[in-house]
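Before any comments, here is the structure.
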Amino acid sequence: MNERLWTKDFISVSLSAFFAFLVFYTLTATLPIYVLNDLGQKQSQVGLVITVFLISAVIIRPFCGIWLDTIGRRKILISSLAFFAITTFLYLIVNNFFGLLTLRFIQGISFGLATTALGTIVAEIIPPNRRGEGMSYFSSAMILAMVFGPFLGITFMNHFSFSILFLICGIFGILSFVFGMTTNIPKQSISTKTPIRMSNLIERKALPISLTAAFISFGYSSIMSFITLYANELGFVEIASFFFIVYAVVVLMSRPFTGKLFDRKGENIIIYPGIIVFSIGLIILGFSNIPSIFLLSAVLIGLGYGSIAPSFQTLAINTAAPARKGMATATYFMFFDIGIGLGSFVLGIVTAKTSFHSMYFLSALIVLVTTVIYYFLHDRKQKMVPEISKQAA
């Protein structure tokens, strides 16, 4: 018998994640325009506002894993969400590129702490036998944020000032904090003080799938960091917000099926087709010349990436013992952020020196290579376990 999934705490932690990611995606979609137009920077520097943010998130995540298991989930969650809300309001007073990069680095710390805590807590709230389905629904909060963030950001950017936009983001940060406060976090046995050394900063069992996820997120950074600029070049500025709407509709329609398939049939039935469909979507996006093709790519990217991401996160969490789930979550997000950060920086340079078309084609190739990486780092090892068990018997 299935245990209840849609509890008050599951909804609260999902809403907290939604508003935190709403801030992230709103700023991700609009800061490139802010950097170019208001701060007068070059296109090659646009990716830095994403890269710097994620560098600090990557640095803090391993320590967050230890703190979640030693200081406690609730203390880390509440303090990081409060810090995140405060730093969001600070965009109102930053007026130069160096100051913006400094703020992005500082806010990345709070974002890394908050999202790691949220990912760990929700994994404990979800019934174990419904973890694939539950994580799929939880990640839908991030998908919705990815839709509404750029949509609201572009709308406010076109009709109001960036000051209004930053003020709205600050309010979203407060809402994330409020919903985090109202979440009843499962009781936890606080671990004895853990020495900070490399073996305790990373969950080794989660490394293979986390490294694989880094290649997927590298490709995904081409969407997150450059889709607004690409749409602007194509003359599809108004269509850009619909890209995310189409993407979200496809993801949300597929989630009930992909999550249950993961739990019943295993990860491979989701991951291999998802990688291929994601790659095809990126190729089609790179060669878009009319709005219908542009939106078709959103369908394929939503179907592909939208099913891969929660599957990888679930696999990372499932590798760890209960006392190490904080570290497993931190390890997964750390490598995921590394992929996004490197992708935003490298693909920004590629775009500046070539074109958006070449950049999206390169992204598709990198994503496609993930099938090989996934096979050797995860799938092959999983298939070897039964064989070893048989030989031992």
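Here are the numbers:
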{"quantity": "Set LYS42/LYS75; LYS8/LYS260; LYS205/LYS265; LYS75/LYS260; LYS75/LYS205 screened for pairs whose C-alpha atoms are more than 29 Å apart", "calculated": "LYS42/LYS75; LYS75/LYS260"}
{"quantity": "For region 203-305, fraction of C-alpha pairs farther apart than 19 Å, in %", "calculated": "47"}
{"quantity": "Among GLY99, GLY112, GLY274: highest mean-square fluctuation, GNM of the chain, C-alpha pairs under 10 Å", "calculated": "GLY99"}
{"quantity": "Relative contact order of the chain, defined on C-alpha pairs under 8 angstrom at six or more residues apart (%)", "calculated": "28"}
{"quantity": "Virtual spin-label span in nm between GLU238 and ASN95, 7 Å along Cα→Cβ", "calculated": "3.5"}
{"quantity": "Added length on full extension, which subtracts the Cα-Cα distance from 0.36 nm per residue, PHE376 to LYS353", "calculated": "4.9 nm"}
{"quantity": "Per-residue HN-Hα couplings for region 96-112 [Karplus 6.51, -1.76, 1.60; θ = phi - 60°; Hz; x = Gly/Pro]", "calculated": "9, 5, 5, x, 5, 5, 4, 5, 4, 5, 5, 5, x, 4, 5, 5, x"}
{"quantity": "The chain - mean residue ellipticity at 222 nm from DSSP helices (-39,500 (n - 2.57) per run, n ≥ 4, rounded to 500)", "calculated": "-28000 deg cm²/dmol"}
{"quantity": "Stokes-Einstein D (µm²/s) once Rh is taken as the Kirkwood radius of region 251-297 over alpha-carbon pairs, at 4 °C in 1.567 mPa s", "calculated": "108"}
{"quantity": "Exposed-site-free run, longest, the chain (rule: trypsin sites (Lys or Arg not before Pro); DSSP loop; at most 11 other C-beta within 10 Å)", "calculated": "198-393"}
{"quantity": "In sequence order, calculated HN-Hα J values of region 243-250 (Karplus, 6.51, -1.76, 1.60; Hz; x Gly/Pro)", "calculated": "4, 6, 5, 4, 3, 5, 4, 5"}
{"quantity": "Listed residues GLN107, GLN41, GLN313, most fluctuating in the chain (Gaussian network, C-alpha, under 10 Å)", "calculated": "GLN41"}
{"quantity": "Longest site-free stretch - the chain; sites: chymotrypsin sites (Phe, Trp or Tyr not before Pro), DSSP loop, at most 14 other Cβ within 10 Å", "calculated": "7-159"}
{"quantity": "Kirkwood Rh and Cα Rg combined as Rg/Rh, region 13-123", "calculated": "1.01"}
{"quantity": "Computed Kirkwood radius, in angstrom, where 1/r is averaged over Cα pairs of region 280-380", "calculated": "15.4"}
{"quantity": "Contour minus Cα-Cα distance for LEU252 and ILE269 (0.36 nm per residue)", "calculated": "4.3 nm"}
{"quantity": "The chain - Rg over Rh from alpha carbon coordinates, Kirkwood radius", "calculated": "0.95"}
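All of the numbers you see were taken from the coordinates with simple rules; none came from a lab. These figures come from a predicted structure and were not determined experimentally. Heads up, the Cβs are rebuilt from the backbone with ideal geometry, glycines too, and the neighbour counts pull from every protein chain shown.
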